[in-house]
Amino acid sequence: MRWFVLVALAGALSACDTEVVLGLVHQLAADAGDVDGGRTAFGSQDAGTPDLVLVNAGGWLLEAGTDYVVDVTVTNPGLAAALDTSVDLGWPMETTFVSSAGCVANPPTARCAIGVLSPQASRRVTTTLNLGAAPHWLEISARAFSTSLDQNPADNYLVLPVALTPTGTVPVALSGERSFSVQSCFDPTITSFSRCVVGRIQTGQVLLHADGGVEDATGVFGFWSQSTHHRNVAWRYVNRDGTRGASFVGGSVSATCFEGVFDDSSGAVTSGAWRGCLN
């Protein structure tokens, strides 16, 4: 809002910017429509601004070859409506689009039009994808847009890491603190540890924490999980600068061991195969 008040020079209000014109004070806009969340220096409040926030409600672990539901919610906790709101989803080229509710797909993307999102309102966006039959990690993106100025655009974007695991043979519940002895075979031409050539194997220890954290013997941390059927496991290390590290997916091959593949920290799919057994 833009407004002005003409007052005598003696009545100038120091709380607002002033401009002397012909012996009068041109009192500039008390709030001036500034994007300040509705706070005023003098006079009425402005309308505030919207603030789109994206939250992922979907999981990140599933067996390769099964459908995955991208499930994000966009919320406006701001003080004004967000106009022409939409959410864009993106996925890897090898992914197959299955269906979407209220979204227009143009693979490998989809745009979900929401329109006006009132203050404190939320909208859920879901899209079903088939992520392929090859076990590996991949990333799906979600970004919220609006023609209105956003208070904090940094929270309008999400990268959803998803782990596709092999199908395990028996349930192996990894509850509490558990540790693995892991043999990693660096060879991008193989997807099975049985094909590992002697001389390419590196051995290490991996500790799975009960709270979902993981660390190796060198002190690199990350996160891990397994499905409720307990036939698979996946973990990803996170580098100290916040970037992704090596990422592992596996399925059970016995009551104590898992096997699978891993991606290196550059994101290259299937840098080799691994085998890990509980200590």
## Note on the structure
Given 251-257, 220-226, the highest-first ranking by average Cβ count within 10 Å works out to 220-226, 251-257
### Amide H partners (placed H, <5 Å) of Phe221, local residues excluded
Val238
#### Entry: Integer Hz, Karplus 6.51/-1.76/1.60 couplings in order for region 90-96, x for Gly and Pro
x, 8, x, 4, 6, 7, 9
### Task
Please get the size of the charge dipole for region 163-279, origin at its Cα centre, with Cβ charges of +1 on Lys and Arg and -1 on Asp and Glu, quoted in debye to the nearest 20.
220
### Task
Take the alpha-carbon centre of region 175-190, take the same for region 203-279, and report the distance between them in whole Å.
6
### Query
How large is ³J(HN,Hα), in whole Hz, for each residue of region 62-67 in order, when computed from phi with the Karplus curve 6.51 cos²θ - 1.76 cosθ + 1.60 and θ = phi - 60°, using x for Gly and Pro?
7, 7, 4, x, 9, 6
### Task
Rounded to the nearest 0.05, what FRET efficiency do Ala134 and Thr203 give with R0 = 22 Å and r taken as the Cβ-Cβ distance? Could you check?
0.30
### Message
Counting other C-beta atoms within 10 Å, and keeping those with at most 14, which DSSP coil trypsin sites (Lys or Arg not before Pro) do you find in region 77-157?
### Response
none
### Message
About the Cα centre, and with charges only on the beta carbon of Lys, Arg (+1) and Asp, Glu (-1), how big is the dipole of region 231-279? Nearest 20 debye, please.
### Response
120
### Summary
Note on region 130-241: the mean projected area of its alpha-carbon convex hull, in nm², is 10.5
### Message
Give me the Å³ per residue figure for the convex hull around the C-alpha atoms of region 232-279.
### Response
67
### Query
HN-Hα J couplings of region 76-83 from phi, Karplus 6.51/-1.76/1.60, θ = phi - 60°, integer Hz, Gly and Pro as x?
10, x, x, 9, 9, 5, 8, 8
### Query
So how far apart, in nm, are the two label points at Ser118 and Ala154 if each is 7 Å from Cα heading toward Cβ?
3.1
### Task
Please report, in Å, the Rg and the Dmax of region 78-144, where both are computed over Cα atoms only.
14.0, 46
### Loop sites in region 236-279: trypsin sites (Lys or Arg not before Pro), DSSP, at most 11 other Cβ within 10 Å
Arg240
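Computed from the coordinates by the stated procedures, all read-outs in this text should not be read as laboratory data. Given the structure is predicted, the values throughout are model-derived calculations rather than measurements. Virtual Cβ from ideal backbone geometry, glycine too; neighbours counted across all protein chains shown.
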